[in-house]
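The values are calculated or read from the model by the stated rules, or taken from the named source; none is laboratory data. Bear in mind that the values here come from a model prediction, so they are computed numbers and not experimental data. All Cβ positions, even for glycine, are placed from backbone atoms using ideal geometry, and neighbour counts span all protein chains on display.
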Amino acid sequence: MSATQAPVTEGAPLFKEILAVHAVMTRGAELVVRSFTGLAGGAAVDTKALVTTVQWFVDFVRRHRRSEDELWPVPRERCPEAVRSLDLLDEEDDSLAEGLDELESGIARIAEEHRVGGSVSWGTR
């Protein structure tokens, strides 16, 4: 997670929520990487749990990015001193999102190989 801190303004609670969501995504990405590393190394990994979790994670990150496109002007207006921090969070999002298609493709192959299916959907498509 970025070394960003919430500013002390009327927008601080909103900025803290943004930081919390980014912490969840960062931690989720770390856990997914750890699971794939274990799987590649021959460790026992619950592939059904991995498949459904990764499908949820990919969907969550994509929805998050779409919502930020709509919401980003609000914290920028209410927390002008945090604009640079918001830019850094946006860069982190871009970096995380770059691998989503490849991650989704990889998890589909695992699902097929292990004959597990289904997904955990967050919201409606």
- Task: Those residues that are part of a loop (DSSP other than H, G, I, E, B) and closer than 22 Å to Ile107 by Cβ, I need them from region 15-72; list them, please.
- Result: Gly41, Gly42, Ala43, Ala44, Val45, Asp46
- Message: Going by what's in this entry, would Ala82 be described as assigned to a helix (DSSP H, G or I) and at pLDDT below 80?
- Response: yes
- Note on the structure: Residue pairs qualifying under the 9 Å Cβ cut-off, at least six apart or on distinct chains, with the first in region 67-96 being on the phi > 0 side of the Ramachandran plot and the second being of a type in the set (D, E, K, R), are none
- Hey, among the residues in region 91-107 that are over 16 Å from Thr26 (Cα atoms) and not acidic (Asp, Glu), which one's surrounded by the fewest Cβ atoms within 10 Å (Cβ to Cβ)? Ser105
- Those residues of region 59-90 which are within 16 Å of Val21 (Cβ to Cβ), in contact with a Gly (Cβ under 7 Å, 6 or more places away or on another chain) and surrounded by 14 or more Cβ atoms within 10 Å (Cβ to Cβ), in sequence order: Pro75, Cys79
- Got at least one residue in region 44-65 being among the aromatic types (Phe, Trp, Tyr), at pLDDT below 90 and either more than 10 Å from the chain's Cα centre (by Cα) or closer than 29 Å to His114 by Cβ (or both)? no
- Query: Residues in region 30-47: is at least one exposed (fewer than 15 other Cβ atoms within 10 Å of the Cβ) and under 18 Å from Arg84 (Cα atoms)?
  - Reply: no
